[in-house]
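Reading through the structure tokens given below for one structure.
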Amino acid sequence: MQEQGTCHNTGIHHAGLYAKDPTASAEFYRDLLGMQIVGGSEADHPLGASAFLSSRPGEESHEIALFAEPKYRHVAFKVSSLAELRSFHARVLARKVPIKLSFNHGASFAFYFDDPDGNMIEVYWPTGAHGVRQPYLEPLDLTESDAVLLQRVSQATA
């Protein structure tokens with residue numbers, strides 16, 4: 001039974017996996033599972049080489065992210081509103097869990113932290129912006145107002 005007033009997520013919505021060669025692995029997922037390659041980066045990107053795939057690009061910006069850098073492996077939980085994202089963020093901070101990363105990905109606002117075993121967790125809210133090729137990284141400050149944050153989304157899609 002859930003406690004009254006707890007934060008709610010809508011479930012796991014994508015996974016970030018390690019891949020020695022993200023491009024080759026993306027082709028595997030494309031060719032075998034019919035996923036679409038919807039983004040990626042070269043080795044000189046701040047995240048290193050990556051590939052992003054979705055089976056439903058109109059609904060999810062990506063469902064699998066492949067990273068040559070193992071430190072970016074993660075499991076992502078989606079929330080249904082910006083208020084819910086802020087609530088989770090406050091809850092993590094209240095438990096004194098360090099926030100590792102916070103990004104405006106254009107298609108989503110997200111923050112990242114580790115569980116007790118060192119597994120990285122992402123909590124994100126989809127902004128509704130479509131067509132923002134991943135990886136898109138802009139620092140995110142969840143203390144800014146909703147209006148300022150949402151303006152940043154429109155800048156990412158411009």
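Could you list which residues have their amide H under 5 Å from that of S41, counting only those 5 or more apart in sequence or on another chain, with H placed in the peptide plane?
Close amide H contacts, sequence-distant or interchain: S50, A51.
Given labels modelled 7 Å from the Cα in the Cβ direction, how far is it in nm from D117 to S102?
Between D117 and S102, the label points sit 2.8 nm apart.
Once both labels are modelled 7 Å past Cα along the beta-carbon direction, what's the S81-H130 spacing in nm?
Once both label points are built, they end up 2.4 nm from each other.
Percent relative contact order of the range 12-157, based on C-alpha pairs within less than 8 angstrom and at least six residues apart?
It comes to 22 percent, rounded to a whole number.
Given the -39500 (n - 2.57) contribution per DSSP H run of 4+ residues, what per-residue ellipticity at 222 nm results for the chain, rounded to the nearest 500 deg cm²/dmol?
For the chain, the value works out to -7500 deg cm²/dmol.
For S108, enumerate residues with amide H under 5 Å from its amide H, sequence gap 5+ or separate chain, H modeled in the peptide plane.
Placed amide hydrogens put T127 under 5 Å from S108.
Please compute the length gained on full extension between A156 and Y18, using 0.36 nm multiplied by the number of residues separating them and subtracting their Cα-Cα distance.
Working it through step by step, the gained length comes to 47.0 nm.
In nm, to one decimal, how far is the R30 label point from the A147 one, both placed 7 Å along Cα→Cβ?
So the label points at R30 and A147 sit 4.4 nm apart.
If one computes the Cα centroid of the range 30-52 and of the range 97-156, what distance in Å separates the two points?
Cα centres, the range 30-52 to the range 97-156: 19 Å.
For a quick protection proxy, order the peptides 47-58, 102-113, 72-83, 146-157 by their average other-Cβ count within 10 Å, most packed first.
With the highest mean Cβ count within 10 Å placed first, the list reads 102-113, 47-58, 72-83, 146-157.
Here, each number is a calculation from the coordinates, and none is a lab measurement. This structure is a prediction, so every number in the text was calculated from the model and none was measured. Note that we place each Cβ from the backbone using ideal geometry, even for glycine, and neighbour counts take in every protein chain shown.
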